Each structure stands twice: as C-alpha cells, then as structure tokens.
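Below is one structure, written out as structure tokens; the observations come after it.
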Amino acid sequence: MEQPIIQISHLGKEFQTTEGKVRALGDINLEICQGEIFGIIGLSGAGKSTLVRCINFLEVPTEGEVLFEGRSLGKMSPQELRSTRQSMGMIFQQFNLLAQRSVLRNVCFPLELVKTPKAESRARAMELLKTVGLEDKAAAYPAQLSGGQKQRVAIARALATNPKVILCDEATSALDPNTTKSILGLLKEINRNLGVTVIVITHEMAVIEAICDRVAIIDQSHIAEVGKVSEIFSEPKSKIGRQLILGDAARQVKFGNSRQIRIIFDGRESTEPVISNMVLACKTAVNIMYAQTRDVGGIAMGQMIVQLPDDEAEANRALHYLETVKIPYEEVSEHDI
Amino acid sequence: MTFDAATIQMLKTGIWETFYMVFLSSLFAYVIGLPLGIVLVTTDNDGIHPMPVLQKVLGTVINLLRSVPFLILLFIVLPLSKMVIGTRIGSPAMVIPLTIAAGPYVARVVESSLREIDGGVIEAAKSMGASDWQIIWKVLLPECRPSLLVGGALAVTTILSYSAMAGFVGGGGVGAIAINYGYYRYEAGLMWVSVVLLVVMVQIIQEAGMRMSRKGDKRIR
Ligand SMILES: Nc1ncnc2c1ncn2[C@@H]1O[C@H](COP(=O)(O)OP(=O)(O)OP(=O)(O)O)[C@@H](O)[C@H]1O
Ligand SMILES: [Mg+2]
C-alpha cells in the first residue's frame, strides 16, 4: 500500500439534539492512499455526509482522530486548520456556488481568500475553466448555467488552490445519467493528470463502479467492509454489501427447499461458459435464481445464485465439478441475501 | 390657504429638514444596526461563530428598545440630545432619538436578510478555509445584497414616518408642518399638502430600493 494521505482512526460522532444523543458515526477506521479514488457508499442516513465532513473538520468528531499527511486536524490551531482545508477541495450535491459572483469570480474566490494578486488569480481561474471545459462561460452567472455546468464550476473552484484531496459529497446525485457520466469522467481525468486524491461519497453503486479504486461500505454508522472495488464487487462479505451490489432483485428471489449456491466470477471464469459446461459435465439441471455480471475496471465481475437439483448425488456432482475447475462458490440460505 | 412665497419657502425648508433628519438618522442607524444584525446571525447556535449567551442578551436588549413606543422614547431621549447637541428642539436634536429608535429596528431587518442565505454556501466557503471575517465580508454581505437593499428601503421609510412624529416635540420637517398647521391650527389644506409630500417621499425611497435591489441581483437571468 502506498503512503496514506488521510488516516482516520477510531472516529466517532454524536450529535446532541433536543431528543437526546444521536450517534452518526462509530469507531471508523480508514486509510486513504495518495493518488487513489476512494469511494464511500451507504444507504441514506448511514453517516456518509457526516464522515466526509469530519475529514475536513466541518464537523468536529466527538471521538478519535483524523490525520492529514500525518498531522492530526484536532490538534491544529484554527489558522492551521484553515490552511489544511485549502489543501482539501470539496464539492457538493447542491453545488453551493456564490450566486452574486460571475463564474470567473467564483473560481477566483478561494484564491482571494489567500490574497493571491488579482491578475494572477484570474489567469489561474481561466486556466481551470479551460480544464473543465467552460472557458466561454467565464462571464456568466450561476443562475445561467445548467446543473452539470454548475458542478464543473464547483470542481474548478475546488481545484484553484492546488489541493491534494478532493472530497465529493453526492456530487452527481442532482444530475441526470449522462451529466453524471461526464462529471465522473472529469474527476477521473483530474485524478490521473493532476494526481489529486479523490474521495467520493455516494449511495449509487454505479458511481463507485465507474471511477473508484477502493471502496468502504458504511452501514448504520459503522464501516461494514473496505477493499478493492473489484474484490468487493465479486465477493461482498457483509450483508449490506450484498444488498447494495445485488440490489433489491436478490431479495425477491423465491427459494425452494433444495440447496442454493452463489457462484462467483472473478474475470477469468466469466469468459468461459461455466454453467453450461457444468450442466453438460454433470448431466444435471440447475435453476438460475439470480445473475449479475458487470465490467469493473476492465475485468468482468459478477455472481450468480443457482439452485441445485433436489437429488443429493446430482447436487454433489455439480459442486464437485465447480471445485475441480476452481470456481469459487458458497452455499447460501435466504437470510444471507 | 394661500400658497404665497412664505408658505412655499416653509415647505422647502421642511423638505430639506426631513431629508437631512432621515438621512443622518438612517446613516447612524445602519452604523449601529448593521453590525448588530451581523452579530445576531453569526453568534446564533447555527451561526458561524456561536455565542449563545451574547446572542440572547443582545436579542433581549433589542426587543426591549423596540417595544418602547417612539413618542415615549422621544421624551426619554431628548434630554440626551440637549447634552450632546445643546438643544432639545429642532431637527438636529431629533437625529439622536431617531437613531436610537431605528438602530434596533435596522438590526432586525438586517438579521432577517442575512438569514436568507443558503447554509451550503457558507459551508463551501468554510471548506475552502475562509475565516469568519472573510465569510462575513465576502459571502454573507455580498450574497445578501439584494435583500439588504430591500430592507434598507423598508428601514428608511420607517425612519421617515418616525421623523414626522418628531413634529409633536418641537422637531422640524414636513411632518412638523402637517402637525403644526393641520392639528394645531386646523389648516387642512397645508396639512394635506404635507401628507402628500410624505407619501411621495415614501414612494421614491421604496422604488429606489427595489430598483437597486433588482438591478444588482445576479440570480435573475
Ligand atoms: N446536525 C445534526 N444533528 C443531529 N443529527 C444529525 C445531524 N447531522 C446528521 N445527523 C444524523 O446523523 C445520521 C447520519 O447522517 P448523514 O447526513 O451523515 O447521513 P448520509 O449517509 O449522508 O445520508 P444521505 O444519503 O441521506 O445524505 C442521521 O441519522 C442524521 O439524522
Ligand atoms: Mg448525505
């Protein structure tokens, strides 16, 4: 593993409300590496926004630590904290542009905060607008832009101070699928060309799949699992992981009395006709309950839930076949899904 | 009623007195009220610099001042005018009670304008490392400019109507003419002329405020 740029250890956050304490995060441990695109996924209310806001201390954690390049944010003076925030850009679901400033002056804003000379910050802003493909909109105002364009301006603004990290809280959730795709493409490009570490918060699996290297699944204030996207997609270990990846479809599968197995494809096997080979070799039938394969980072990934024949001997023959051709599988029961 | 040269001269003087009473009182009321309004918003629990105790105390003092009827406030404050300006009658003496009455009002008007801002924008500024001062000067005030201007028109017209009451206690201006001639001498004609003048002034202030607000608002396509 490369050098972690952000280390989160034993982080917890409790909110004090009139109805008592609300726990939003508990014992979160994560390391985010220099230069990666790290995804955080979870259902609504899982604590994603709270977690990302703890990373730049917009929300002060009630337990644990956040280290940025080895330095604890909690131990910084207000001034140090502000300058650390300048190394961490942030983009939001609602864009949060300044409505009374032109596009160009929006991008200049973070530079103004650090008292960059006007001419210099204008030149830098124009350059960034070119990067995001909006140099012709420099004089426009946010109200005159589409959602996707607003998010591009927000990205340019987040990049103005040459940050090492960009935090994205549901950055594409207010956009249509095509615009989402282009914004994700832009983030990936920025990650590749500028080496900026990107942290993406989302509730959509498709976003993780499209750009992330690693992902953490967060469920009810805790991290359920962390790992490479390709690994988690092919073999989610947590219940919530299976739920997010298999989707609701898996819940609707009706199970009979006979045994079910989950066959896992990890790229190599999915190019072979595994099921039909098995059926031919074992001279038996299987019932495909659920199947999903997809392309993750250039490797085909997927899984399939198959109901084995009622006949014990035939079922064992099928399992034996999978073992001999080294295809991973596991037996599943209804409550596992 | 006769509109001889003397009457017209009197009206002209009245307009000028009203103008400078309202202008100076508005200016001083904003000098006091604008910072207070900013403090009310920023020190609130969900503000950028929570100081709940200060916020509560300030809010209470403002409410107290706002609940004193202006006419009563005039009688209480005029001795202060005598100390500061040396007289308790005439238009300059009225500037002090007007400022004291309007300052807290302006604070509330400013407060309500500043509360209109979208919290996400402040959040974004914070995430870029903005200090509290920078958020006030570069985000809060410029983003709320249109609303502050509308509030400004509201505040100035209120000060104008207060200034008319000053006529009862020896203040000058158009309001004093209306009161002196209409109320005390039953010269209804001159009273109505004064009232129309006040209405026109309110219209002009209101319209100017709205226009400036709309013209500078970049949210409109
Ligand atoms: N300021 C707050 N005060 C009290 N409770 C809060 C506050 N902010 C968040 N919470 C609570 O913390 C929990 C996590 O909220 P959070 O916004 O982090 O969820 P999320 O995963 O981002 O959800 P979504 O996908 O809907 O945005 C929720 O139960 C929420 O009610
Ligand atoms: Mg959220």
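The values are calculated or read from the model by the stated rules, or taken from the named source; none is laboratory data. Note that the structure is predicted; figures quoted are calculated from it, not measured. Cβ: placed from backbone, ideal geometry, glycine included. Neighbour counts: every protein chain shown. With ligands, DNA and RNA removed, areas are computed over all heavy atoms of the protein, side chains included. Shrake-Rupley method; radii C 1.70, N 1.55, O 1.52, S 1.80 Å.
Would you mind checking the stretch B:85-107 for residues with the amide N under 15 Å from a putative spin-label position 7 Å along Cα→C-beta of B:VAL68? Of the residues in the stretch B:85-107, B:94-105 have backbone N under 15 Å from the label point off B:VAL68.
Structural descriptor for chain A: relative contact order 17 percent, calculated from alpha carbon pairs under 8 angstrom and at least 6 residues apart.
Only Cα pairs within less than 10 Å get springs; with that Gaussian network setup on chain A, which residue of A:ILE199, A:ILE40, A:ILE327 has the largest fluctuation? Its mean-square fluctuation being the largest, the pick is A:ILE327. In the context of the full set of protein chains, residues of the stretch B:109-149 present 38 Å² of accessible surface per residue (probe radius 1.4 Å, heavy atoms only).
Taking other residues whose beta carbon is less than 11 angstrom from the beta carbon of B:TYR105, and scoring Lys, Arg as +1 and Asp, Glu as -1, yields +1. Looking at A:THR324, A:THR50, A:ALA216, which one has the Cα that reaches farthest to the positive end of the dipole of chain A (charges on Cβ: Lys, Arg +1; Asp, Glu -1)? The one lying farthest along the dipole's positive direction is A:THR50. Buried on complex formation within the stretch A:109-158 (loss of at least 40 square angstrom of accessible surface versus the isolated chain, 1.4 Å probe, ligands and nucleic acids ignored): A:PHE109, A:LEU113, A:TYR141, A:ALA143.
Rg/Rh for the stretch A:155-242 stands at 0.98; both radii use Cα atoms, and Rh follows the Kirkwood definition. Other residues with beta-carbon under 13 Å from the beta-carbon of B:ASN180 carry, at +1 per Lys or Arg and -1 per Asp or Glu, a net charge of -1. Positive end of the charge dipole of chain A (Lys, Arg +1 and Asp, Glu -1 on Cβ, about the Cα centre): tell me which of A:VAL296, A:VAL132, A:GLY185 has its Cα farthest that way. It is A:VAL132. Taking 7 Å steps out from each Cα toward its Cβ at A:ALA291 and B:TRP192 produces label points 9.3 nm apart.
As a fraction of the 1.4 Å probe accessible area of chain B, surface on carbon and sulfur atoms comes out at 69 percent. At what distance in angstrom do the alpha carbon centres of the stretch B:19-91 and the stretch A:174-237 lie from each other? Each part's Cα centre sits 53 Å from the other's.
Note that the stretch B:46-169 shows a convex hull volume over its alpha carbon atoms of 121 Å³ per residue. Using the Cβ-Cβ distance between B:LYS215 and A:VAL114 with R0 set to 25 Å, the FRET efficiency from 1/(1 + (r/R0)^6) comes to roughly 0.20.
Once both labels are positioned 7 Å from their Cα atoms along Cα-to-Cβ, the gap between B:SER161 and B:PHE75 label points is 2.2 nm.
Accessible-area loss of 50 Å² or more (1.4 Å probe, protein heavy atoms, chain alone versus all protein chains) is found in the stretch A:80-104 for A:ARG82, A:ARG85, A:ASN96, A:LEU98, A:GLN100. Buried accessible surface for the B/A pair, both sides summed and rounded to the nearest 100, is 2100 Å² with a 1.4 Å probe. Overall, the accessible surface of the stretch A:28-86 at a probe of 1.4 angstrom is composed of carbon and sulfur to the extent of 47 percent. Heavy-atom accessible surface of A:HIS222, to the nearest 10 Å², is about 80 Å², with a 1.4 Å probe and all protein chains retained. Per residue, how much accessible area does chain A have with a 1.4 Å probe, in Å²? With the other protein chains kept in place, chain A gives 45 Å² per residue. Expressed to the nearest 5 percent, the antiparallel share of DSSP beta bridges inside the protein assembly as shown is 70 percent.
Dipole magnitude for the protein assembly as shown: about 2440 debye, using +1 per Lys or Arg Cβ and -1 per Asp or Glu Cβ, origin at the Cα centre. The label point for A:HIS10 and the one for B:LYS82, both projected 7 Å from the Cα toward the Cβ, are 7.1 nm apart. Between the stretch A:24-84 and the stretch B:143-210, what is the separation of their alpha carbon centroids in Å? Rounded to whole Å, the Cα centres lie 56 Å apart. Of all the options A:GLN79, A:GLN144, A:GLN93, the one that moves most in a Gaussian network model of chain A with Cα springs shorter than 10 angstrom is A:GLN79. FRET efficiency for the pair B:ARG115 and B:GLN9, taken as 1/(1 + (r/R0)^6) with r the Cβ-Cβ distance and R0 = 51 Å, rounds to 0.65.
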